[in-house]
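What follows is a short report on a single structure.
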Amino acid sequence: MRAVDYLAGELPGPVDAIFMSNIIHSENEPTNQALISKCFRALAPGGLVAVKDHIMNRDLTEPAAGAVFSLYLLLTTRGRDYSFDETAGWLGAAGFIDIHVTALPRPPFTSSIVTARKP
């Protein structure tokens, strides 16, 4: 495991897996698209990316805790909580395949994990 500054330059690679926890909600859409593209470049073929965050439904109302948290984010960061469709769109545009979302057990979690694979 290696911690990196995802905003500074390229991510080190090639690696077999990248796990991002509670990152995309702090950033705007262009930054997230650039980050997902960096992940793609850093992964070895067949590598896996996992994005854990509040992954919202299409109309951004569920999970309810994510919708409330998103209001806070709009006031204090440049981000918000994003839907699965938005997250999957960034992954697909970067070249990822096999994009899936898995809700974490509730309670205690209100997050999900989106996974995708580099061909």
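How many percent of the alpha carbon pairs in segment 48-119 exceed a separation of 17 Å? Before the final figure, lay out each step's value.
Numbers: 1112 of 2556 pairs.
Roughly 44 percent, once rounded to a whole number.
C39: net charge of surrounding residues, Cβ under 11 Å, Lys/Arg +1, Asp/Glu -1, itself excluded?
The answer is +2.
Starting from the coordinates of the alpha-carbon atoms of segment 25-66, obtain the Kirkwood hydrodynamic radius over all distinct pairs and give the value in Å to one decimal.
12.1
What size of dipole, in debye to the nearest 20, comes out for segment 15-117 about its Cα centre when the only charges are +1 on Lys and Arg C-beta atoms and -1 on Asp and Glu C-beta atoms?
200
Throughout, read-outs are computed from the coordinates displayed, never taken from laboratory work. On a predicted model such as this, the values are computed, not experimentally measured, just so you know. Every residue, glycine among them, receives a Cβ derived from its backbone with ideal geometry; neighbour counts consider all protein chains shown.
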